[in-house]
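**Q** Structure in structure tokens, see below.
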Protein chains: 2
Amino acid sequence: MDWLLIAPIAGVVSILAAVYLYFYISRQDSGNEKMREISGAIREGANAYLKRQYSTLAIFVVVVAVVLLIVFWNPSNWIQGPSRAFAYVIGSVCSGLAGFFGMNVALKANVRTANGARSSLSKAFSVAFFGGAVMGLSVVGLALIGISGLYYAFNDPKVVLTFSLGASSMALFAKAGGGIYTKTADIGADLVGKVEIGIPEDDPRNPAVIADNVGDNVGDVAGMGADLFDSFVASIVASMILGVAMVSVNSSFAILPMLLAGAGIFASILGMLFMKISVGNNPGAALNRGTYITCIVFAVLALGFKYLLDLNWGIYFATIAGLVAGIVIGMTTDFFTSIDRTPVKKTAESAKTGAAINILSGFSYGIISIVPPIIGICVAMIASWNLATIGLTGLSSSQTIATQVYGISISAVGMLSIVGMIVSADAYGPIVDNAKGIAEQAGIEKEFVDVADKLDAAGNTAKAITKGFAIGAAALTVIALFVAYAELAEIPVDASGLYVINIANPYILAGVFLGAMMPPLISALLILGVGRNAFRMVQEIRRQFKEIPGLLEGKGKPDYAQCVDIAAKGALRELILPSVLAMIAPIIVGFVLGKEALAGFLAGSIITGIIFALFMANSGGTWDNAKKYIEAGGFGGKGSDAHKAAVVGDTVGDPFKDTAGPSLNTMITVMSLVASVFAPLIAMFTLL
Amino acid sequence: MDWLLIAPIAGVVSILAAVYLYFYISRQDSGNEKMREISGAIREGANAYLKRQYSTLAIFVVVVAVVLLIVFWNPSNWIQGPSRAFAYVIGSVCSGLAGFFGMNVALKANVRTANGARSSLSKAFSVAFFGGAVMGLSVVGLALIGISGLYYAFNDPKVVLTFSLGASSMALFAKAGGGIYTKTADIGADLVGKVEIGIPEDDPRNPAVIADNVGDNVGDVAGMGADLFDSFVASIVASMILGVAMVSVNSSFAILPMLLAGAGIFASILGMLFMKISVGNNPGAALNRGTYITCIVFAVLALGFKYLLDLNWGIYFATIAGLVAGIVIGMTTDFFTSIDRTPVKKTAESAKTGAAINILSGFSYGIISIVPPIIGICVAMIASWNLATIGLTGLSSSQTIATQVYGISISAVGMLSIVGMIVSADAYGPIVDNAKGIAEQAGIEKEFVDVADKLDAAGNTAKAITKGFAIGAAALTVIALFVAYAELAEIPVDASGLYVINIANPYILAGVFLGAMMPPLISALLILGVGRNAFRMVQEIRRQFKEIPGLLEGKGKPDYAQCVDIAAKGALRELILPSVLAMIAPIIVGFVLGKEALAGFLAGSIITGIIFALFMANSGGTWDNAKKYIEAGGFGGKGSDAHKAAVVGDTVGDPFKDTAGPSLNTMITVMSLVASVFAPLIAMFTLL
């Protein structure tokens, strides 16, 4: 039987489930007129941004497709170029589609969640969670249909690799652009609204309030969806590339990653159904329970494949090692950013001594938080390397090495298998955040706003966990991609059959240094972009408060569209340099210093990429929750000097956690994929 | 002729010059009674701290010496253990002595500079600069006497390696402890004095003012001296270790590093003499000119050695490549932190939008500033690798590789050769800073304070350059140490004779990850230490202002000693965890993951160590100067909201640039030396 059929079937099932949920959401009542008006403004702004972003990116996608056509032009095998160009375009479109579809549902779900809060918590929770699930299911469904379809059509993992590159470059734009957009609006709205004028958050008088709500959607929903789409695809492709070289060990290794991904989809759907029936009064616990159920179901399904495909135990253990590492990384992230734990409390306390010490504390705890995930990644890597060969006998030395390397890549697949669930839980966050905003702006009764608040708190924790998970998954994925690059670039192997990337060679060491420099550099460029654009936003908001009569008193009508436009234009302008730099740097390093140095470059970028991504995400989360801790009454409470200091920390953390940090994992994936796709070319022409 | 004699001779000449300058400084007039009183209080506080630090560290030194005795106990070659223990103790003592001696002169020079400002700028400049030169000359003199003496006595570079370890561990304590001390005092004094009470900097009513002045000396003078002592020694030792394996190429390679260091001493002395006669009215230009002259003289002297020792041209070129890289790194640091350049101006401008954006800007520019030095280090590394064999013919493949590796290490020696000059220029900074403080506290005439101000501005630029230089030098040094470790740990070589440290091996890659985690982790621990201790200091200052009657009005007398005591006790308490962690981590990694993984660990620590050291030093410098730019009248000037925002940025930058950043290069050197010294042991016992 053709087991591979499971993959497209799972993909189609996933899309059908998403469509079903879409209609479920649409059927819900969208509340009173005021609510519909607000949510209409948000939708309009979000669609305007996505339209602008996609039409800009379309040009980029066409250019890259043409480059691929030319670079892989091969008269004796004419399919090479067109197949890659096609796969690249499809990858971009699928990634964009998943983001677009998911975001549109989120924009429907937010107002319906707000309205649902008026009947019951569990009602509102269902709307919000299944709104997010449309995104989660679209991501994994489109990814798996795309991968397995291309594999059926061309039977060449290298074509699937260009699909992955298409998805990743789109994800980089989506994360970086969305990240700049959302923080421009957020910082601008806060600096003038909360700090200067003294009006509350989400106040309808603030001209940037709609831009802020739009930002939550384009940054967190569409961006995060594209990000995990990208990691999910990349981990599968990397394993497939390593797997095809290993038919002599087990002929199923090439297709196993797709099957595991399919199993993950079924597990996620089961987990979601279970969550629906168990929400009770604690949405946070329900989200966690759903995730754990998904993991257990996945472990059982994967065990089934072990027997069906006659896999050795070792490969199964490696899969589970990845899954466990993902959960551990998510949980430690939770510890460092949870509002009721020491790091956040200490950071909040330090705000009593002023903004500077508060910033230094959050910065330091963010850095300390990298220790558990890095140890977790190292353990998962070494464990899956050593476990992978269990149950195999009579392997040659090079077969052993190949299986061990494959074990590491399959642990990344294991980690990412539950991505459907992760994206759903993550997209839930901005939906309830928006719902709360809409409830407040529409002035619905206090008790219902409290329900929305409760849903929102659960969303913040879910978001912290999924962010840690996304970064951990990206780490294992890029390690797998790093080896896939070595395979594709035909890096020489040693006597045992292991690729040699020797950092005692100064060219390779230079590559490592240059690669290590990239993630911090890109972060800095993105942060400066946010700063510049926030500056423009601040000036516009100040202008409106000065020039529009009666605005502060609630009589004048703010010009929301102008702020939306500033955020959108600025985001697209500021994302170009960092994104293009990320795509071009590996090619330059490859051509100037050689393919081995490029391997070093990738390794270097992975190392600092993970460190900076984790530290920035977690420092940002710590400052954010330290502020919330004070707002909840700690250390002087709202309006105290400590609170003002904590607001500064929170603002510093905004671009850390929502722009730079989450862009980095996408960025290192893009760099690895660019290197892998262009590896044959780089191997041919090298300067030094 | 025994050319090696040049090394101890240069060392002795250096010490004699230092002694001569010591008496020159002592002969100068130490000003009026008020000035003597203030400087006496500073001296008292500084000596109390150093006494406390050294007596704590003495226990540590004895423990390590005993460990070395036991670990290297060898009945068939009994000198192994005792020689290492002896060298370790001597290394610690020399490093401590250089710091102690240099600091004491700095404490004499500060008040005499303040008094000198009353006669002329060039007079004051001479006192300040030659005060710093005592430190510079002591550092290089003691280092060279120690190294060459031990080499004469034991003829074994491995013994000299333990000398280096002694110097490094002492330097780590000095940098970390001094850094915590100085920022505790500085932040505490500023937060209460400037921000809460609104009295100016260096105001004698502030109870922490003396602690602040003491801090400049124990942190910047003693700490920086110990730091460069450590890099200087380590670069020489690493090259010697690589050189002894190469007698077949040129028998002088083992002693060449010591001779180049000797040439650097003579060049530095000439550069100082030239500076003395050319100061005119622009101290900044004089400092730079002196540095350039030193470089040129060194290049000429090194050329002489090329002919004397019959070296090939390649080795000479490698030496000069390092020197040039050092200057380039220093100059780019200058660009990013100079008060009249774009990064500082933009950061200052961003303060108009509040503290958060100001912090984000300085953070980003600090990160962008790592690009030129990292490219500089890569170019120097690849250039010296390729240049090293020029002029050599008939080498075997392994001789070629060995020469190329030696070339990299000798470029580090080239870079550090002018360390005598660098330390002098660096120590000049805190001397004039203190002089300015004393002048203000003693209330001398405004026009003389302006002279001190002018000297101080030149000092700030010199400090930024020398910090960049120190980090660049440490980078090349640790790269050389990394290879020396491979030599000592007997890491296997490939067919061409190059050590193989293959990051495609998951153990080694895990080592890289863990190593890369260390520098940020240590930074975070140090910064948290500063935060905790500053908190204690703030409470004490608040207490004094509340309890001592008439303190604010200038009638009550503040209890300076109490603040000095808090800074000192806290510094010693907070430095223990990070320092001990740095020393134990390589041993644990080596024993658990193996000697190759430890090589990966060292590489990882070098990569992030350099990145974090550069970024933290430069972000700190940018914020500092952005604040000064505003104080000089830009963007609203002193007292404006922008100024308040910039003060927050400056405070965040304080532990970045003066505690964590500068500790990192010492820390990575210590880790490399610990690994190298214990390499034989690690090779014997490994868990995995």
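**Q** Working carefully through the options B:Gly193, B:Gly179, find the one that is of a type outside the set (S, T, N, Q), closer than 29 Å to B:Ala85 by Cα and open to solvent by less than 20 Å² (accessible area, probe 1.4 Å). Give the steps one after another, and end with the answer.
**A** Working: B:Gly193 fails: closer than 29 Å to B:Ala85 by Cα.
Every option except B:Gly179 fails the conditions.
**Q** Follow-up. Looking only at segment A:368-385, which residues are crowded, with 23+ Cβ neighbours inside 10 Å, facing chain B (nearest Cβ under 8 Å) and over 22 Å from the mean Cα position of the chain (by Cα)?
**A** Selection gives A:Trp385 alone.
**Q** Is it true that A:Ala267 is open to solvent by less than 10 Å² (accessible area, probe 1.4 Å) and in contact with a Cys (Cβ under 8 Å, 6 or more places away or on another chain)? Give the derivation first.
**A** Working: open to solvent by less than 10 Å² (accessible area, probe 1.4 Å): yes; in contact with a Cys (Cβ under 8 Å, 6 or more places away or on another chain): yes.
For A:Ala267, the condition - open to solvent by less than 10 Å² (accessible area, probe 1.4 Å) and in contact with a Cys (Cβ under 8 Å, 6 or more places away or on another chain) - is met.
**Q** Still on this structure: Any idea which of (1) open to solvent by less than 10 Å² (accessible area, probe 1.4 Å); (2) under 20 Å from A:Gly649 (Cβ atoms) is the one A:Gly330 doesn't satisfy?
**A** (2)
**Q** Moving on. A:Asn434: open to solvent by 20 Å² or more (accessible area, probe 1.4 Å), polar (S, T, N, Q) and touching a residue at least 40 places away in the same chain (Cβ under 8 Å), yes or no?
**A** Working: open to solvent by 20 Å² or more (accessible area, probe 1.4 Å): no; polar (S, T, N, Q): yes; touching a residue at least 40 places away in the same chain (Cβ under 8 Å): yes.
Against the criterion (open to solvent by 20 Å² or more (accessible area, probe 1.4 Å), polar (S, T, N, Q) and touching a residue at least 40 places away in the same chain (Cβ under 8 Å)), A:Asn434 does not qualify.
**Q** Report yes if A:Asp216 is touching a residue at least 40 places away in the same chain (Cβ under 8 Å), within 30 Å of A:Leu21 (Cα to Cα) and either open to solvent by 10 Å² or more (accessible area, probe 1.4 Å) or in contact with a strand residue (DSSP E or B) (Cβ under 7 Å, 6 or more places away or on another chain) (or both), otherwise no. Break it down into steps so the answer makes sense when it comes.
**A** Values: touching a residue at least 40 places away in the same chain (Cβ under 8 Å): yes; within 30 Å of A:Leu21 (Cα to Cα): yes; either open to solvent by 10 Å² or more (accessible area, probe 1.4 Å) or in contact with a strand residue (DSSP E or B) (Cβ under 7 Å, 6 or more places away or on another chain) (or both): yes.
For A:Asp216, the condition - touching a residue at least 40 places away in the same chain (Cβ under 8 Å), within 30 Å of A:Leu21 (Cα to Cα) and either open to solvent by 10 Å² or more (accessible area, probe 1.4 Å) or in contact with a strand residue (DSSP E or B) (Cβ under 7 Å, 6 or more places away or on another chain) (or both) - is met.
**Q** Same structure, new question: Which residues, taken from segment B:343-367, are closer than 13 Å to B:Lys627 by Cα and open to solvent by less than 10 Å² (accessible area, probe 1.4 Å)?
**A** Selection gives B:Pro343, B:Val344, B:Thr347, B:Ala348, B:Ala351, B:Asn358, B:Ile359, B:Gly362.
**Q** Please state which of the following conditions B:Ile584 fails to meet, knowing it meets all the rest: (1) within 11 Å of another protein chain (Cβ to nearest Cβ); (2) assigned to a helix (DSSP H, G or I).
**A** Unmet for B:Ile584, out of (1) within 11 Å of another protein chain (Cβ to nearest Cβ); (2) assigned to a helix (DSSP H, G or I): (1).
**Q** Would you check if there is a residue in segment A:597-616 being within 11 Å of chain B (Cβ to nearest Cβ), in a helix (DSSP H, G or I) and open to solvent by 10 Å² or more (accessible area, probe 1.4 Å)?
**A** For segment A:597-616, residues within 11 Å of chain B (Cβ to nearest Cβ), in a helix (DSSP H, G or I) and open to solvent by 10 Å² or more (accessible area, probe 1.4 Å): absent.
**Q** Looking at segment B:32-55, can you tell me whether even one residue there is touching a Phe, Trp or Tyr at 6+ places or on another chain (Cβ under 7 Å) and under 22 Å from B:Phe232 (Cα atoms)?
**A** No, segment B:32-55 has no match at all.
**Q** Being aliphatic (A, V, I, L, M) and either part of a loop (DSSP other than H, G, I, E, B) or closer than 15 Å to B:Tyr151 by Cβ (or both) is the filter here; which residues of segment B:243-267 pass it?
**A** Here is the first cut: in segment B:243-267, the residues aliphatic (A, V, I, L, M) are B:244-247, B:249, B:254-256, B:258-261, B:263, B:265, B:267.
Those that are aliphatic (A, V, I, L, M) and either part of a loop (DSSP other than H, G, I, E, B) or closer than 15 Å to B:Tyr151 by Cβ (or both): B:Val244, B:Ala245, B:Met246, B:Val247, B:Val249, B:Ala254, B:Ile255, B:Leu256, B:Met258, B:Leu259, B:Leu260, B:Ala261.
**Q** Determine whether A:Lys467 is away from chain B (no Cβ under 14 Å), crowded, with 24+ Cβ neighbours inside 10 Å, touching a residue at least 24 places away in the same chain (Cβ under 8 Å) and not small (Gly, Ala, Ser). Steps first, please.
**A** On the way: away from chain B (no Cβ under 14 Å): yes; crowded, with 24+ Cβ neighbours inside 10 Å: yes; touching a residue at least 24 places away in the same chain (Cβ under 8 Å): yes; not small (Gly, Ala, Ser): yes.
In short, yes.
**Q** Can you name the residue in segment B:587-596 that is in a helix (DSSP H, G or I) and in contact (Cβ under 8 Å) with a residue 24 or more places away in the chain and, of all such residues, is nearest to B:Met381 (Cα to Cα)?
**A** B:Glu596
**Q** Here's another thing I want to ask about it. Limited to segment B:402-418, what total is found for residues that are open to solvent by 20 Å² or more (accessible area, probe 1.4 Å) and among the hydrophobic types (A, V, I, L, M, F, W, C)?
**A** Result for segment B:402-418: 1.
**Q** Select, from B:Arg118, B:Arg112, B:Arg84, the only residue that is touching a residue at least 60 places away in the same chain (Cβ under 8 Å) and not in a helix (DSSP H, G or I). Full working, then the answer.
**A** Values: B:Arg112 fails: not in a helix (DSSP H, G or I); B:Arg84 fails: not in a helix (DSSP H, G or I).
Selected residue: B:Arg118, the only one of B:Arg118, B:Arg112, B:Arg84 that is touching a residue at least 60 places away in the same chain (Cβ under 8 Å) and not in a helix (DSSP H, G or I).
**Q** If you don't mind, there's one more thing I want to ask. Please find, within segment A:619-644, the residue that is surrounded by the most Cβ atoms within 10 Å (Cβ to Cβ) out of those that are under 21 Å from A:Ser369 (Cβ atoms) and within 11 Å of another protein chain (Cβ to nearest Cβ). Spell out how you get there, then give the answer.
**A** Taking segment A:619-644 first, the residues under 21 Å from A:Ser369 (Cβ atoms) are A:619-630, A:634.
Still in the running and within 11 Å of another protein chain (Cβ to nearest Cβ): A:619, A:623.
On the way: A:Ser619: 31, A:Trp623: 33.
Applying the filter and picking the extreme gives A:Trp623.
**Q** Criterion first (open to solvent by 10 Å² or more (accessible area, probe 1.4 Å) and either within 13 Å of chain B (Cβ to nearest Cβ) or under 30 Å from A:Val483 (Cα atoms) (or both)) does A:Asp658 satisfy it?
**A** Working: open to solvent by 10 Å² or more (accessible area, probe 1.4 Å): yes; either within 13 Å of chain B (Cβ to nearest Cβ) or under 30 Å from A:Val483 (Cα atoms) (or both): yes.
Yes: the conditions hold for A:Asp658.
**Q** Examine segment A:508-530 for a residue that is in a loop (DSSP other than H, G, I, E, B) and over 19 Å from A:Ser663 (Cβ atoms), and state whether such a residue exists.
**A** Within segment A:508-530, the first condition is being in a loop (DSSP other than H, G, I, E, B), and the residues that meet it are none.
For segment A:508-530, residues in a loop (DSSP other than H, G, I, E, B) and over 19 Å from A:Ser663 (Cβ atoms): absent.
**Q** So, one more: Among the residues of segment B:656-688, what is the count of those that are out of contact with any Ser or Thr (no Cβ under 9 Å at 6 or more places or on another chain) and within 18 Å of B:Ala356 (Cα to Cα)? Give the steps one after another, and end with the answer.
**A** In the first step, residues of segment B:656-688 are kept if they are out of contact with any Ser or Thr (no Cβ under 9 Å at 6 or more places or on another chain); the result is B:662, B:675, B:678-688.
Going one step further and asking which of them are within 18 Å of B:Ala356 (Cα to Cα), we end up with none.
Final tally of qualifying residues: 0.
**Q** State all residues of segment A:478-518 that are β-branched (Val, Ile, Thr) and over 13 Å from A:Ser672 (Cα atoms); if no residue qualifies, say none. If you could, list the steps in order and put the result at the bottom.
**A** Of the residues in segment A:478-518, the ones β-branched (Val, Ile, Thr) are A:478-479, A:483, A:491, A:493, A:500-501, A:503, A:508, A:512.
Matches in segment A:478-518: A:Ile491, A:Val493, A:Val500, A:Ile501, A:Ile503, A:Ile508, A:Val512.
Here's the yes/no breakdown for (1) within 14 Å of chain B (Cβ to nearest Cβ); (2) aliphatic (A, V, I, L, M); (3) touching a Phe, Trp or Tyr at 6+ places or on another chain (Cβ under 7 Å):
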site: A:Ala425; (1), (2), (3): no, yes, no
site: A:Asn434; (1), (2), (3): no, no, no
site: A:Ile444; (1), (2), (3): no, yes, no
site: A:Asp450; (1), (2), (3): no, no, no
site: A:Ala462; (1), (2), (3): no, yes, yes
site: A:Leu476; (1), (2), (3): yes, yes, no
site: A:Leu481; (1), (2), (3): yes, yes, no
site: A:Ala489; (1), (2), (3): yes, yes, no
site: A:Pro492; (1), (2), (3): yes, no, no
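**Q** Tell me, which residue of segment B:531-545 that is hydrophobic (A, V, I, L, M, F, W, C) and under 14 Å from A:Ile357 (Cα atoms) is surrounded by the most Cβ atoms within 10 Å (Cβ to Cβ)?
**A** B:Ala534
**Q** Give B:Tyr316, B:Tyr292 a once-over and let me know the one that is surrounded by 22 or more Cβ atoms within 10 Å (Cβ to Cβ), part of a helix (DSSP H, G or I) and free of Cβ contacts under 8 Å to residues at least 60 places away in the same chain. Let's see the steps before the verdict.
**A** Values: B:Tyr292 fails: surrounded by 22 or more Cβ atoms within 10 Å (Cβ to Cβ).
On inspection, the qualifying residue turns out to be B:Tyr316.
**Q** I would also like to ask the following. Among all residue pairs at least 6 apart or on different chains, which show Cβ distances below 8 Å where the first residue, located in segment B:628-639, is part of a helix (DSSP H, G or I) and the second is open to solvent by 50 Å² or more (accessible area, probe 1.4 Å) and among the β-branched types (Val, Ile, Thr)?
**A** B:Lys628/B:Ile339; B:Tyr629/B:Ile339
**Q** Another question, if that's okay. Return a yes/no flag: does segment A:30-39 have any residue that is part of a helix (DSSP H, G or I), acidic (Asp, Glu) and either open to solvent by 50 Å² or more (accessible area, probe 1.4 Å) or modelled with pLDDT under 90 (or both).
**A** Going through segment A:30-39, the residues part of a helix (DSSP H, G or I) turn out to be A:33-39.
Keeping just the survivors that are acidic (Asp, Glu) gives A:33, A:37.
Next cut, either open to solvent by 50 Å² or more (accessible area, probe 1.4 Å) or modelled with pLDDT under 90 (or both) only: A:33, A:37.
Within segment A:30-39 (the criterion being part of a helix (DSSP H, G or I), acidic (Asp, Glu) and either open to solvent by 50 Å² or more (accessible area, probe 1.4 Å) or modelled with pLDDT under 90 (or both)), the answer is yes, since at least one residue qualifies.
**Q** All but one of (1) in contact with a Lys or Arg (Cβ under 9 Å, 6 or more places away or on another chain); (2) in contact (Cβ under 8 Å) with a residue 12 or more places away in the chain hold for B:Ile508; state the number of the condition that does not hold.
**A** Of the numbered conditions (1) in contact with a Lys or Arg (Cβ under 9 Å, 6 or more places away or on another chain); (2) in contact (Cβ under 8 Å) with a residue 12 or more places away in the chain, the odd one out for B:Ile508 is (1).
The values are calculated or read from the model by the stated rules, or taken from the named source; none is laboratory data. Quick caveat, the model's predicted, so the values are computed rather than measured. Note that we place each Cβ from the backbone using ideal geometry, even for glycine, and neighbour counts take in every protein chain shown. Ligands, DNA and RNA are stripped out before the accessible areas are found, and what is left, the full protein with its side chains, is counted by its heavy atoms. Shrake-Rupley method; radii C 1.70, N 1.55, O 1.52, S 1.80 Å.
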